[in-house]
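Everything below concerns the one structure shown next.
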Amino acid sequence: MHEISVVRSLLSQVIEAAQPIAAADIRVIRVALGPLTGVEPILVRQAFHNLKNAAGLIACELAIDELNLTAICIDCQSAFEVIDFIFRCPCCGCNSVRITQGDEFRLVSIDVNEETPVIALPDQAASEFAYESGKHE
Amino acid sequence: MSNRHSPTELIEETLGGGSMPPPESTLIQDTISRTVQINRDIAAQRKQAAADLRSQFSRRGTLVINLVSSPGAGKTSLLEATAKHWAGRRRMAVLVGDIATERDAERLAPFTPVRQLTTGGACHLELELVERGLAQLPQADYEFLFIENIGNLVCPASHDLAEHRRVVLVSTTEGDDKPGKYPKMFRTSQAMLVTKTDLLPYVPFDVQAVVEDARRIQGQLDVFQISSLHGEGIDAWCDWLEQQRQQMLRAEVKT
C-alpha cells in the first residue's frame, strides 16, 4: 500500500510517545503487522531504513512481528487461523466469523537506553481490532 | 523488566526475512536497554476521526455509502440510475472522486446535487477530502450520501470514509475471479453489485462463481445483479438502501 506514509506516521508517533526520551536513545521499535493491513513488511523495512535518520532515530532498529490472520466463529465460538483469506469456520463450516487478529498495524513497544529518565507511559487501550467493528452498529 | 540485546541479535531481528541494507550497528553499544510498552494502533487517530464523522451522519439521518470498484465498473452509471429511480422522492447527494477532471460530476449534475473531489494523483479518497466536499454541498440534511471512490480495488479498502456501508461493484466485463484477488476490499464490504448484466450473453462471466468467491471472503455479503443501462435490479438496490437507512436510524434511536 503506502508504506512510506505509514512509516512516517509510525515514526512521529514513536517520537511523541517516547518523550521526554530523545530519539537518539531509542534502540528498537517493535511493531506487529497483520496480513489484512495491506502493508508489506519488506517495504516497511525499506521505508524505515530511508526515513529513520531524518527522524533522529540514528541508533534505532525496527523489529516486525508478522501476525497470522485469525478469527472466531460467531456460531460455534471456535478460534481458527484464516488461510488464503477464506473466512469459513473449519469446525462448523459457517461463514459468520469475526477477525480477532491480523488487520492491524500496531506499535507494540520501544526499547530505550537504560540511563534515560524513567517515565510512566499510559498503557494505551487497544483501539478497536477490526476495521469492521465500526460498521453494522 | 529490561531486555538486553546484543548488536548481533538486533541485526538478526531486524533483517529477518527482509532484504535490508545492514543497520548501523556500531552505534549500539553494550548499554542496557529497557522496554517501554506502548501498544497503540498506528491508525487509531484516523479510525476515531472516521467513527466520529459517522456518528454525526447517523444523528443527521444520513446513510453514507462508499462505492468502490475497478475503473469503469459502472459506479457513475449506477448513481445516475439511482437518482433517476428516486426522481426527487429521496434527498440524495454525491461526492465523486477522480484523479482529474470534473467529468463525473458533470454527468451526475442534471440528476442530483454533486461535488467532484479531485485527488491530483492519489489513488484513493481520504477523510479530509470528503469533509471538504461535504462543506461544499448545498444542504446538510440528505437521506443518502454516496461517495464514489477512485476506481481501484486496493488502496480504498484501507480508508474508512465514515461510511455506514461499503458497496463493491464488479462488472461482467472484468472477470468473475476478482474477489479472491482483492480479498481486503471484499472482506470490508457489506454488499456486492454485479453490474452490466445486460452483457452477460456476450461475455464469459459466471455470476454464481463470483458470488461464491466473494462469500468465501465475506459470508454476509448482500448481492445484487444490476444493469444500470436497462434498469434491471435498480428497484432491489434502492429497496436495500432504504432498509439499510432504516437499520441505521433504529440503531441511532437505541444509542
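Has region A:69-91 got at least one residue that is modelled with pLDDT of 95 or more, under 20 Å from B:ASN39 (Cα atoms) and not in a loop (DSSP other than H, G, I, E, B)? Among the residues of region A:69-91, at least one is modelled with pLDDT of 95 or more, under 20 Å from B:ASN39 (Cα atoms) and not in a loop (DSSP other than H, G, I, E, B), which makes the answer yes. Under the condition of being in a helix (DSSP H, G or I), among the aliphatic types (A, V, I, L, M) and under 19 Å from the mean Cα position of the chain (by Cα), the residues counted in region B:170-209 number 1.
Mind listing whichever residues of region B:62-78 are polar (S, T, N, Q) and within 14 Å of the chain's Cα centre (by Cα)? B:ASN66, B:SER69, B:SER70 - these are the residues of region B:62-78 that are polar (S, T, N, Q) and within 14 Å of the chain's Cα centre (by Cα). Of all the criteria given as (1) more than 10 Å from every other protein chain (Cβ to nearest Cβ); (2) modelled with pLDDT of 95 or more, the one not satisfied by B:MET1 is (2). Filtering region B:44-68 to residues that are under 14 Å from B:LEU134 (Cβ atoms) and in a helix (DSSP H, G or I) leaves B:ALA49, B:ALA50, B:ASP52, B:LEU53, B:ARG54, B:GLN56, B:PHE57, B:ARG60.
For A:ASP25, the stated conditions hold: it is more than 8 Å from chain B (Cβ to nearest Cβ) and farther than 27 Å from B:LYS184 by Cα. Checked against (1) in contact with a Leu (Cβ under 7 Å, 6 or more places away or on another chain); (2) of a type outside the set (A, V, I, L, M); (3) at pLDDT below 95, B:PRO113 passes all but a single condition, namely (3). Checked against (1) within 14 Å of chain A (Cβ to nearest Cβ); (2) crowded, with 22+ Cβ neighbours inside 10 Å, B:LEU79 passes all but a single condition, namely (1). Counting the residues of region A:40-49 that are surrounded by fewer than 22 Cβ atoms within 10 Å (Cβ to Cβ), among the hydrophobic types (A, V, I, L, M, F, W, C) and at the interface with another protein chain (Cβ under 9 Å from one of its Cβ atoms) gives 1. The lone criterion from (1) among the small types (Gly, Ala, Ser); (2) out of contact with any Gly (no Cβ under 7 Å at 6 or more places or on another chain); (3) more than 26 Å from B:LEU153 (Cα to Cα) left unmet by A:ALA23 is number (2). Being in contact with a Gly (Cβ under 8 Å, 6 or more places away or on another chain), away from every other protein chain (no Cβ under 13 Å) and in a loop (DSSP other than H, G, I, E, B): is that true of B:PRO71 here? Answer is yes for this residue.
Just so you know, in region B:163-219 the residues that are away from every other protein chain (no Cβ under 14 Å) and among the charged types (D, E, K, R) include one that is farthest from B:GLU131 (Cα to Cα), and it is B:ASP206. Within region B:217-255, if we keep just the residues that are in contact (Cβ under 8 Å) with a residue 60 or more places away in the chain, among the hydrophobic types (A, V, I, L, M, F, W, C) and in contact with an Asp or Glu (Cβ under 7 Å, 6 or more places away or on another chain), the residue that is surrounded by the most Cβ atoms within 10 Å (Cβ to Cβ) turns out to be B:ILE226. A single entry from B:ARG107, B:ARG132, B:ARG90, B:ARG166 fulfils the requirement of being assigned to a loop (DSSP other than H, G, I, E, B) and on the phi < 0 side of the Ramachandran plot: B:ARG90.
The values are calculated or read from the model by the stated rules, or taken from the named source; none is laboratory data. What you are looking at is a predicted structure, and each value in this text was computed from that prediction instead of being measured. Ideal geometry is used to build each Cβ from the backbone, glycine not excepted, and the neighbour counts take in all protein chains shown.
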